[in-house]
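First comes the structure, then the notes that go with it.
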Amino acid sequence: MNTLESKLIKVGIADLKFAKSPDVLRTSGLGSCVGVVIYDASAKIAGMAHVMLPDSKSSKKSELNQFKYADTSLPILIDTLIKDGARKFALKAKIAGGAQMFSFSSSNDMLRVGQRNVEAVKTVLNQYRIPILAEDVYGSSGRTIEFSIDTTLLNVRTVSQGTKDI
Amino acid sequence: MSFIESLTDYQLDALKEVGNIGSGNAATSLSMLLNHKVDMKVPAVRIVDYNEMMELVGGPDKLIAAVFLRIEGEAPGNMFFVLSPEEAETFVKQMTGSEDFSVQEPPFDEMAMSALQEMGNILAGSYLSALSDFINVLLQPSVPLLTIDMAGAILAEGLLELSQVSDYAIIIDTIIDDHEDENKPIQGHFFLLPDPDSFPKIFNKLGIPDQ
């Protein structure tokens, strides 16, 4: 594999980026946010979203960044992949994140947002009939993830548990 | 345009003054805790997008020690006290006199974590009580929670309320200057992130007209 020539594409918070072989997608410091990779392994094309909130309908303003929400970001991710040559039936997903960084005893619903993000992501993927082949979700640690379309492995790094490929 | 992007310079200056009042009081508390003089200054009130906020502390991947607390009361919001693990160690050494611990990689020392949490508690308490007196608004800190993890993962938690109404955050930043050791100046950050609905209340109390 020509990893030396591969480019690292960084995905920010509430962001969405695409990569073709041999490039690698990375997003850093996922807490309650969820990183979603959707790819077509044969067409060698992948997209990564860094989702911050579950539902755009909860927003009090309409003109906000659509990449922030699971229900608006993922459809854009899927449509763009198909437009760029991915086949809908071949799409697979891997997800990571949705941690609860602080354990407040408060009843504030915002603090369970990690869990709600994961559920929202799964709902959208289910609607599009995209199988989730691997996931590393919940817990209380931040995660940095990296996805290589050549290996289709999602590398997950945490501060306390090191790295693993899923 | 969201509320945050339409703030006037006059309003931003007022927020900076709010930060100065709080941090002045917190500096006094910290000086007493460490038994030497510590300065704090509010260099700027910044309006940043989320990714820029992570860059302020060294990027989303950077390991930070952060005390997070929720401000409850009439003008709710979130507050962070952020140190690099190295700076956190220096602080704990000064506070406890102990050299035998690590907060740079897990497992983190329990005594050191407890000392840092208590420091966060004292600093946030004195910051908020000064603020509370100044703007005449009841503000109460929740129990502070300490976490050492990636900056992105921690700071994003404080942006959740805000992110429903804006893609930007107003950060009332405070830099701590510790002159004890000239070779290793400590540069801590205090981030005050009022909830969107709190700004009109703060401005109203300060006698500044809403736009």
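For the reader, a short list of remarks on this structure follows.
- Neighbours by Cβ (under 6 Å, 6+ apart or cross-chain): first from the range B:143-161, at the interface with chain A (Cβ under 7 Å from one of its Cβ atoms); second acidic (Asp, Glu): B:Met150/B:Asp61; B:Glu161/B:Asp195
- Taking the criterion of being buried (at least 22 other Cβ atoms within 10 Å of the Cβ) and over 17 Å from B:Ala153 (Cα atoms), the residues of the range B:40-74 that qualify are B:Met40, B:Ile71.
- A:Gly162 being of a type outside the set (Val, Ile, Thr), under 30 Å from B:Ser142 (Cβ atoms) and within 14 Å of chain B (Cβ to nearest Cβ): no
- The range A:141-158, residues that are touching a helix residue (DSSP H, G or I) at 6+ places or on another chain (Cβ under 9 Å) and assigned to a loop (DSSP other than H, G, I, E, B): A:Ser141, A:Gly142, A:Asp150
- Count of the range A:10-22 residues, restricted to those that are at pLDDT 95 or above and in contact with an Asp or Glu (Cβ under 9 Å, 6 or more places away or on another chain), is 1.
- Restricting B:Phe108, B:Phe81, B:Phe101 to residues that are closer than 18 Å to B:Leu155 by Cα and aromatic (Phe, Trp, Tyr) narrows the list to B:Phe81.
- Residue match in the range B:123-130 (condition: within 25 Å of B:Glu55 (Cα to Cα), buried (at least 20 other Cβ atoms within 10 Å of the Cβ), in contact (Cβ under 8 Å) with a residue 40 or more places away in the chain and not hydroxyl-bearing (Ser, Thr, Tyr)): yes
- Within the range A:74-103, the residues that satisfy the criterion of being part of a helix (DSSP H, G or I), within 13 Å of the chain's Cα centre (by Cα) and not β-branched (Val, Ile, Thr) are A:Leu74, A:Pro75, A:Leu77.
- Of all the residues in the range A:1-12, those that are in contact with a Phe, Trp or Tyr (Cβ under 9 Å, 6 or more places away or on another chain) and either within 22 Å of A:Lys88 (Cβ to Cβ) or more than 14 Å from every other protein chain (Cβ to nearest Cβ) (or both) number 1.
- Restricting A:Asp84, A:Asp15, A:Asp79, A:Asp55 to residues that are surrounded by fewer than 17 Cβ atoms within 10 Å (Cβ to Cβ) and either within 14 Å of chain B (Cβ to nearest Cβ) or in contact with a His (Cβ under 7 Å, 6 or more places away or on another chain) (or both) narrows the list to A:Asp55.
- Failed condition for B:Asp100, given (1) more than 14 Å from chain A (Cβ to nearest Cβ); (2) of a type outside the set (Val, Ile, Thr); (3) within 27 Å of B:Glu17 (Cα to Cα): (3)
- Lone unmet requirement of (1) more than 24 Å from A:Ser140 (Cβ to Cβ); (2) more than 14 Å from chain A (Cβ to nearest Cβ) for B:Ala112: (1)
Here is a yes/no grid of residues against (1) closer than 22 Å to B:Leu155 by Cα; (2) modelled with pLDDT of 90 or more:
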position	(1), (2)
A:Leu91	no, yes
A:Ala99	yes, yes
A:Met110	yes, no
A:Asp136	yes, yes
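- Of the strands (runs of 3 or more DSSP E) that lie entirely inside the range B:100-211, those containing 1 or more residues that are among the β-branched types (Val, Ile, Thr), at pLDDT below 80 and within 18 Å of the chain's Cα centre (by Cα) span B:168-178, B:186-194.
- For the residues A:Gly47, A:Gly29, the requirement of being in contact with a helix residue (DSSP H, G or I) (Cβ under 6 Å, 6 or more places away or on another chain) and more than 20 Å from B:Asp49 (Cα to Cα) singles out A:Gly47.
- Verdict on B:Phe91 being surrounded by 19 or more Cβ atoms within 10 Å (Cβ to Cβ), more than 14 Å from chain A (Cβ to nearest Cβ) and at pLDDT below 85: yes
- Qualifying residue in the range A:118-140 (condition: within 13 Å of chain B (Cβ to nearest Cβ), in contact with a Leu (Cβ under 7 Å, 6 or more places away or on another chain) and within 30 Å of B:Ser142 (Cα to Cα)): no
- Top-ranked residue of the range B:54-80 - restricted to ones that are in a helix (DSSP H, G or I) and modelled with pLDDT of 85 or more, ranked as nearest to the other protein chains (Cβ to nearest Cβ): B:Met54
- Set A:Ser32, A:Ser28, A:Ser42: member being outside any strand (DSSP E or B) and either crowded, with 24+ Cβ neighbours inside 10 Å or at the interface with chain B (Cβ under 10 Å from one of its Cβ atoms) (or both): A:Ser32
The values are calculated or read from the model by the stated rules, or taken from the named source; none is laboratory data. All figures in this text were calculated on a predicted structure; none of them were measured in a lab. Cβ atoms come from the backbone with ideal geometry, glycine included; neighbour counts cover every protein chain shown.
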